[in-house]
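The values are calculated or read from the model by the stated rules, or taken from the named source; none is laboratory data. Please read these numbers as outputs of a predicted model, since none were measured by experiment. Heads up, the Cβs are rebuilt from the backbone with ideal geometry, glycines too, and the neighbour counts pull from every protein chain shown.
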Amino acid sequence: MQRATVLYDEDCGFCRWSADRIRSWDRRNALRFLPLQDPEADRLLHDLPLERRPASWHLVEVDGRVWSAGAAVPRLARRLPGGGSLAVLAESAPGLTDLVYAAVARRRTMLGRLLGQQACSVDPSRVRTPPAPDGLTGG
């Protein structure tokens with residue numbers, strides 16, 4: 001199954017934490033997560049100028065279309081269980097969506113500091129295995 005790709009800044013604790021939260025929401029496994037620093041990101045974002053790449057997160061559709069910052073919110077939300085309402089809201093007020101995204105993005109360093117170790121300890125690109133049922137462990 002081909003999945004859309006979420007590209008995030010691996011050097012930003014808040015970005016990693018946010019991507020990890022989105023990944024947790026993605027119970028359908030409709031998304032894959034890749035750091036902007038991964039060589040594959042250059043291929044996926046080949047039409048996006050280098051200086052714009054670290055400015056925001058990006059959603060790359062299976063067909064290669066790239067959505068960035070607030071414009072990516074409704075497209076991402078539609079892939080997440082129960083995200084349809086958020087998608088409609090984001091699409092109905094794109095200017096507001098962009099403003100909210102920009103406000104959060106400007107504060108991502110501070111937000112990462114507030115999250116502390118939580119932000120630094122996640123790796124959204126790592127494949128997770130489902131937890132074992134209660135009382136059972138692998139061995």
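Quick notes on this one:
- Enumeration of residues in the range 2-32 that are under 10 Å from the mean Cα position of the chain (by Cα), buried (at least 18 other Cβ atoms within 10 Å of the Cβ) and within 19 Å of Ala103 (Cβ to Cβ): Tyr8, Asp9, Cys15, Trp17, Ser18, Ala19, Ile22
- Of Leu48, Leu7, all but one fail to be assigned to a strand (DSSP E or B) and free of Cβ contacts under 8 Å to residues at least 60 places away in the same chain; the exception is Leu7.
- Residue in the range 30-40 that is in contact (Cβ under 8 Å) with a residue 60 or more places away in the chain, under 27 Å from Met110 (Cα atoms), part of a loop (DSSP other than H, G, I, E, B) and of a type outside the set (S, T, N, Q) present: yes
- Residue within the range 92-111 that is outside any helix (DSSP H, G or I), β-branched (Val, Ile, Thr) and either surrounded by 11 or more Cβ atoms within 10 Å (Cβ to Cβ) or modelled with pLDDT under 95 (or both) present: no
Per-residue answers, yes or no, for (1) closer than 12 Å to Ser125 by Cα; (2) in contact with a Leu (Cβ under 6 Å, 6 or more places away or on another chain):
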| residue | (1), (2) |
| --- | --- |
| Gln2 | no, no |
| Val6 | yes, yes |
| Cys12 | no, no |
| Gln37 | yes, no |
| Pro81 | no, no |
| Ser85 | no, no |
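- If you go through the range 73-89 and keep only what is of a type in the set (D, E, K, R) and closer than 10 Å to Ile22 by Cβ, you end up with just Arg79.
- Matching residues, the range 52-89, being among the polar types (S, T, N, Q) and touching a strand residue (DSSP E or B) at 6+ places or on another chain (Cβ under 7 Å): Ser56, Ser68
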